[in-house]
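Here's the structure, in structure tokens; my notes come after.
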Amino acid sequence: MEKRDLNKFVKIGVFFLGIFMLFFGVSFAFINLTIFGSKQQVVNAGNLDLVLDEDENNLYIENALPMYDEVGMIQEAFTFRITNKTSMDTAYVLKLEEITVGQPLAREDVKYGLTKNKETTIDFVSNIVDNVIDEGIILGNETIEYELRLWIRDTLEEESLIQGKSMRFKLSLRMSQTEEMTYRETLLNGCDPILSENLVPVTIQDDGTVQKANIYEEWYSYEEKLWANAVVLLDKTKTYREYEIIPEENIESYFVWIPRFRYQIFNDTVYTGLTAIEPREQEIKVEFENKNTQASNGAKKNEWLTHPAFTSFNSNGFWVGKFESGYKGATTVTEAEVNSNDSTKLQIKPDVYSWRNITIGNAFKVSYDYLREDESHMMKNTEWGAVAYLQHSKYGSMTSVRVNNNSSYKTGYASVEEPTVGGNGGISMPGNLIGTTSDVTRLYNTEIGYTASTTGNISGIYDTSGGTWEYVMGYNVKANVVGGSSGLNNLYNGFFTDSRWEKYYDKYYANYREALFANYDSGLLGDATKEMGPYQRIKVPENQLPPITSWYNDMAYFIHLTSPWFARGGLSGEGTTAGIFAMGAFTGGNLYCSFRLVLCP
């Protein structure tokens, strides 16, 4: 710029400044609304992000000059936006919170202008109630753009009221906690369900009708044994409003939330033999807790332990497949017996054929690939234990889970009679199956069907008793053959030596060659193995070998050197010895086992 042009520019600036000073009769400098840099800062608030276009969340007003609103609103703005990361409509509250520094300006002397998606509000800072400058509902996947400006009111004429004074603010965002929502924090201590973009929160009526839940009302209550449910849609582009029915044909998978909890250790005895039959079952005392709470590290009876299923992923809980994993498109038992790792074939639904005869390696890969963004993985033995312990607390049915005796291995069924006696009137053991039960059975959405749920109602988890054995990621590292017959090393090179895989399976150190009680001292607290003792044999027909059992006479065989993998739950034809506390020892190969999925978003 030439010198004469610069002089002209300065003169014009001084002229307008002189007019401003003359009008107000004071000699204040222009407002200084400090904005730092251009680097974005993201503040997380649950499912929402507050994205600041600055690298510090600080707004200063100092050395300020009174301004007309029209002048205040043409200043450089502090820009930011709120982004909803999920497909779920969410209530939010945006606050402008004052930070006390030095000698503060009076709030009634400061005005603000907030532009939201091109619509502007101008008001006094003193009129902001509880620091809230905006609140409302942000739709799923929506972004709201904001501009914020601050200035001194134009009617202020007393220089001493603002000279040497300043005001500093910061923005904060939270999901709205209306009265209808506060029950969740009270009930679950902050470990309420985490809903990702893939998960649609639902309520399920007694007849099985699925409706999108209004999360700002009571859509679950663990106190009343009503566990939170969610679904993954087949057509993820389809959106549903609150209370709208979601048709079964658009549901790919059902999930149930297991909140983070600690439990009181109820048995620390190391059993060295079998005992006479005696009552062993008892209530398991459970307390919900948030992951930010210091973990409990008890190791002895009556001490409290944060359940290990939650600490490995440092989570507030996890979603469990509501049913055994099914094979999409199968119309017969045989069509669902497929040893492949095609995750597009996975479905978790009632009244479908369970995906059986799959190796642990393929089951793990199917689970791992299913929803990677939600930390999908094959259920661990400790995660099975967390479900079993919650089921036997005051928040679950706290009784023997009714067996699914459907001889076609279809999901979500319950035996009409309890107790059931198993195939051909006898009791069988893993690897020695005899016959099947008759299909005297009812589906999950009936009064009898509810008895096969972990809650005694339709909100719980099914197929934990009977159906088919379910492989879990619980492995004896002292196995004669590394990985057994799982095939994991073939799919993931160095699976058992690479530390990044360690959180996906539970390690056991069992020295014995057979699945006898001598191995139980290798069990883990919380996995529903060694704590379920004392162990015993029960009376069976003469042509049967009496099985070793734990709670409710559920079969209890521990992993060992040649069968290093756990399976849980039992088989449809195994009668009383099938159950949520049942455990068996398997090679990891493609036998008659299925598997279950866990999400940890």
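Being without any contact (Cβ under 8 Å) to a residue 60 or more places away in the chain, assigned to a loop (DSSP other than H, G, I, E, B) and open to solvent by 20 Å² or more (accessible area, probe 1.4 Å) is true of residue 496. Scanning region 83-139 for residues that are aromatic (Phe, Trp, Tyr) and open to solvent by 50 Å² or more (accessible area, probe 1.4 Å) yields a count of 1. Looking across region 572-586, the residues that are in a loop (DSSP other than H, G, I, E, B) and either free of Cβ contacts under 8 Å to residues at least 24 places away in the same chain or of a type outside the set (Val, Ile, Thr) (or both) come down to 578, 579, 581, 582. When region 131-179 is filtered for residues that are assigned to a strand (DSSP E or B) and either among the polar types (S, T, N, Q) or at pLDDT below 75 (or both), the ones remaining, listed by number, are 143, 166, 172, 175.
Taking the criterion of being surrounded by fewer than 24 Cβ atoms within 10 Å (Cβ to Cβ) and either small (Gly, Ala, Ser) or part of a strand (DSSP E or B) (or both), would at least one residue in region 560-571 satisfy it? Within region 560-571, not a single residue is surrounded by fewer than 24 Cβ atoms within 10 Å (Cβ to Cβ) and either small (Gly, Ala, Ser) or part of a strand (DSSP E or B) (or both). Any residue in region 306-328 that is more than 30 Å from residue 449 (Cα to Cα), in a loop (DSSP other than H, G, I, E, B) and open to solvent by less than 20 Å² (accessible area, probe 1.4 Å)? Within region 306-328, one or more residues are more than 30 Å from residue 449 (Cα to Cα), in a loop (DSSP other than H, G, I, E, B) and open to solvent by less than 20 Å² (accessible area, probe 1.4 Å). Scanning region 265-302 for residues that are of a type outside the set (Asp, Glu), open to solvent by less than 70 Å² (accessible area, probe 1.4 Å) and farther than 19 Å from residue 550 by Cα returns 286, 288, 290, 293, 295, 296, 298, 299.
All of (1) under 16 Å from residue 65 (Cβ atoms); (2) touching a residue at least 60 places away in the same chain (Cβ under 8 Å) hold for residue 109 with one exception: (2). Inspection of region 413-428 finds no residue satisfying the criterion of being open to solvent by less than 50 Å² (accessible area, probe 1.4 Å), assigned to a loop (DSSP other than H, G, I, E, B), at pLDDT 95 or above and not aliphatic (A, V, I, L, M). Counting only residues that are open to solvent by 10 Å² or more (accessible area, probe 1.4 Å), at pLDDT below 95 and hydroxyl-bearing (Ser, Thr, Tyr), region 572-596 holds 2 of them. Among the residues of region 141-158, those identified as surrounded by 16 or more Cβ atoms within 10 Å (Cβ to Cβ) and either among the aromatic types (Phe, Trp, Tyr) or under 41 Å from the mean Cα position of the chain (by Cα) (or both) are 144, 146, 147, 148, 149, 150, 151. Contact map, region 442-453: first residue in contact (Cβ under 8 Å) with a residue 24 or more places away in the chain, second residue part of a strand (DSSP E or B) and open to solvent by 50 Å² or more (accessible area, probe 1.4 Å), Cβ cut-off under 6 Å, separation 6 or more or different chains; pairs are 448/442; 449/442.
Of all residues in region 351-402 being in contact with a Pro (Cβ under 9 Å, 6 or more places away or on another chain) and assigned to a helix (DSSP H, G or I), which is most open to solvent (accessible area, probe 1.4 Å)? Within region 351-402, the match that is most open to solvent (accessible area, probe 1.4 Å) is 373. Just for region 548-571: of the residues that are of a type in the set (A, V, I, L, M, F, W, C) and more than 30 Å from residue 194 (Cβ to Cβ), which one is modelled with the lowest pLDDT? Here the answer is 548.
Conditions (1) in contact with a strand residue (DSSP E or B) (Cβ under 9 Å, 6 or more places away or on another chain); (2) in contact (Cβ under 8 Å) with a residue 24 or more places away in the chain; (3) surrounded by fewer than 19 Cβ atoms within 10 Å (Cβ to Cβ); (4) β-branched (Val, Ile, Thr), marked per residue:
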position: 193; (1), (2), (3), (4): yes, yes, no, no
position: 220; (1), (2), (3), (4): yes, yes, no, no
position: 230; (1), (2), (3), (4): yes, yes, no, no
position: 234; (1), (2), (3), (4): yes, no, yes, no
position: 248; (1), (2), (3), (4): yes, yes, yes, no
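The residue of region 458-484 that is farthest from residue 254 (Cα to Cα), among those that are open to solvent by 10 Å² or more (accessible area, probe 1.4 Å) and out of contact with any strand residue (DSSP E or B) (no Cβ under 7 Å at 6 or more places or on another chain), is 480.
Residue-level check: of (1) of a type in the set (Asp, Glu); (2) under 24 Å from residue 257 (Cβ atoms); (3) at pLDDT 75 or above; (4) open to solvent by 40 Å² or more (accessible area, probe 1.4 Å), residue 185 misses just (3).
In region 149-177, the residues that are farther than 30 Å from residue 92 by Cα reach residues that are in a loop (DSSP other than H, G, I, E, B) and modelled with pLDDT of 85 or more with C-beta atoms within less than 6 angstrom, at least six apart or across chains, in these pairs: 154/68.
The values are calculated or read from the model by the stated rules, or taken from the named source; none is laboratory data. Owing to the predicted nature of the structure, the values given are computational and were not obtained by experimental measurement. Counting neighbours? That spans all protein chains shown, and the Cβs are built from the backbone with ideal geometry, glycine included. In case anyone asks, the SASA skips ligands and DNA or RNA and just uses the protein heavy atoms, side chains included. Shrake-Rupley method; radii C 1.70, N 1.55, O 1.52, S 1.80 Å.
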